[in-house]
Amino acid sequence: MLTVSILKNLSANDICAIVLIIAGLFFFFTSTVGILRFPDLYTRMHATGKGDTLAVLLIISGAIVHHGLNLNSAKLTLIALFVFIANPTATHAIGRAAYRCGIKPWLKESKCTNPGEPHQ
Amino acid sequence: MLKEVTFPRYLATFFWLLFFWLFLSGHYDIFHISIGIICCAGISYTSTDLLFFYKTDKKRPFIIVEFFIYILWLLFQIIIANLQVARLVLSPRLKIDPRIVVYKSRYLKGDVPRATYGNSITLTPGTVTLDIRGKEFYVHALTPKFANSLKTGTMERKVSHIYHR
Amino acid sequence: MNTFFLYVNIFLGFLILACLYRVVMGPTTIDRMIAVSAIGTKTLILLILIGFIFGRVEMFVDICTVYALLNFLGTLATTKFFEGRGKC
């Protein structure tokens with residue numbers, strides 16, 4: 001009954017914003033768990049590079065839905081666009097630094113004699 | 001890499017900066033706009049050569065429309081990739097077999113298409129770009145299935161269809 | 001709606017604490033950099049939602065723009081440093 005009475009006070013816009021923000025929080029949660037659980041830094045980059053980008057896009061679109069269209073939401077769109085371009089680029093820069101420093105990737109079993117070399 | 005500064009490039013930089021000034025400031029009186037014009041002229045005088053100007057060899061005006069369609073397709077791929085990562089992360093045993101593969105691009109020429117393709121590789125399921133050396137993309141893939149789906153080259157054809165003929 | 005934003009912010013704070021574990025315990029420096037970049041992205045969202053709670057969106061959106069730029073530039077500068085040094 002309590003949830004029904006809470007939901008009655010919200011408009012359709014607010015419910016849409018809440019759904020978008022909770023979806024974004026779920027992807028933030030998976031990326032954080034990925035940072036904690038994955039075995040080495042290359043696999044951790046998979047979690048942050050994808051998860052944070054989509055989470056930021058979802059939460060900012062939820063904020064725009066809640067706020068309505070004006071100059072502030074245009075700036076929020078600019079932030080979302082910037083993160084959409086910059087977050088994969090930052091991930092790529094970190095990965096390139098790690099690869100050029102010669103950090104060996106984690107492998108499932110030691111079937112490869114030289115783990116730094118790329119597979120064909 | 002420093003580009004030569006010509007007057008049209010100077011004007012293009014100036015108007016881009018002025019557009020961003022007007023967009024971000026939100027004050028439209030004489031005082032703030034004149035401050036903006038002075039700042040934009042100074043900054044574009046000193047650093048026009050930092051802004052890149054990329055020319056496609058494609059003269060069609062629909063490049064923005066095609067880019068927009070590509071972004072929509074990419075958003076769909078990002079959602080798939082995130083669900084994939086969520087499933088891998090939340091499963092009790094990590095079922096991953098990571099490896100580094102080399103992908104040789106066949107169609108892409110120039111920096112901007114390669115940067116677009118590198119970012120797209122990072123955003124699509126199971127792959128992250130590590131290094132770009134000329135035509136070779138060093139890609140870290142979570143499982144061999146994702147590495148094979150990269151090697152079919154579907155996404156590279158999409159990117160090269162935007163920028164080249 | 002403000003209460004909802006408050007709870008979202010508390011949840012984000014716990015996620016930032018979880019990332020901080022990786023910053024402190026990370027085996028290599030690059031691990032710490034990945035975690036710091038992820039913390040920066042989460043702080044961006046935290047700032048936007050704080051702006052909604054305080055009702056000063058126009059101020060906090062500008063702060064967020066600068067924060068996103070600085071987070072990206074800080075990551076790029078650190079990676080350039082490690083690439084130039086050649087070891088981590």
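Readers should treat all values here as calculations from the given coordinates under stated rules, not as data from a laboratory. Owing to the predicted nature of the structure, the values given are computational and were not obtained by experimental measurement. So basically every Cβ, Gly included, is an ideal-geometry build from the backbone, and we count neighbours across all protein chains shown.
Specify the angular offset, from 0 to 90 degrees and rounded to the nearest 10, of the alpha carbon long axis of helix B:30-47 from the longest principal axis of the alpha carbons in chain B. Approximately 60 degrees, to the nearest 10. Relative to the longest principal axis of the Cα atoms of chain B, the long axis of helix B:111-123 lies at roughly 50 degrees. Once both labels are positioned 7 Å from their Cα atoms along Cα-to-Cβ, the gap between C:Tyr21 and C:Asp62 label points is 3.9 nm. The simple spin-label model puts a point 7 Å past each Cα toward its Cβ; for B:Tyr10 and C:Leu73 those points are separated by 2.5 nm. If you run the Gaussian network model on chain B, springs between alpha carbon atoms under 10 Å, then out of B:Gly26, B:Gly110, B:Gly118 the most flexible one is B:Gly26. Using a Gaussian network model of chain C in which every pair of alpha carbons under 10 angstrom is joined by a spring, one finds that among C:Val24, C:Val57, C:Val36 the greatest mean-square fluctuation is at C:Val24.
For chain C, rounded, prolate or oblate, judged on the Cα gyration tensor with a ≥ b ≥ c (square roots of eigenvalues), a/c < 1.5 rounded, else prolate if a/b > b/c?
Working: a/c = 6.27, a/b = 1.74, b/c = 3.60.
Here chain C falls in the oblate category.
Amide H to amide H, with H built 1.01 Å from N, A:Trp106 comes under 5 Å of A:Tyr42, counting only residues 5 or more places away or on other chains.
In loop segments of chain C as defined by DSSP, the trypsin sites (Lys or Arg not before Pro) with at most 10 further C-beta atoms inside 10 Å of their C-beta are C:Lys87. Shape class of the protein assembly as shown from the Cα gyration tensor (axes a ≥ b ≥ c, square roots of the eigenvalues): oblate, since a/c reaches 1.5 or more and a/b does not exceed b/c. Taking amide H as placed 1.01 Å from N in the peptide plane, B:Leu130 has its amide H under 5 Å from the amide H of B:Tyr138, B:Val139, B:His140, each at least 5 places away in sequence or on another chain.
Here A:Ile22 and B:Phe67 are evaluated by their C-beta separation; at R0 = 25 Å the FRET efficiency comes out at 0.25. When the listed pairs B:Lys95/B:Lys158; B:Lys109/B:Lys158; A:Lys108/B:Lys95; B:Lys151/C:Lys80; A:Lys50/B:Lys95; A:Lys108/B:Lys158 are checked against a 21 Å cut-off, the alpha-carbon distance exceeds it for B:Lys95/B:Lys158; B:Lys151/C:Lys80; A:Lys108/B:Lys158. Counting every other Cβ atom within 10 Å of each residue's Cβ, B:His32, A:His46, B:His140, B:His27 order from fewest to most as B:His27, B:His32, B:His140, A:His46. With a cut-off of 11 Å between beta carbons, the residues surrounding B:Lys104 carry a summed charge of +2, where Lys and Arg count +1 and Asp and Glu -1. Within the listed set B:Leu50, B:Leu83, B:Leu75, the Gaussian network model of chain B (springs between alpha-carbon atoms below 10 Å) gives the highest mean-square fluctuation for B:Leu50.
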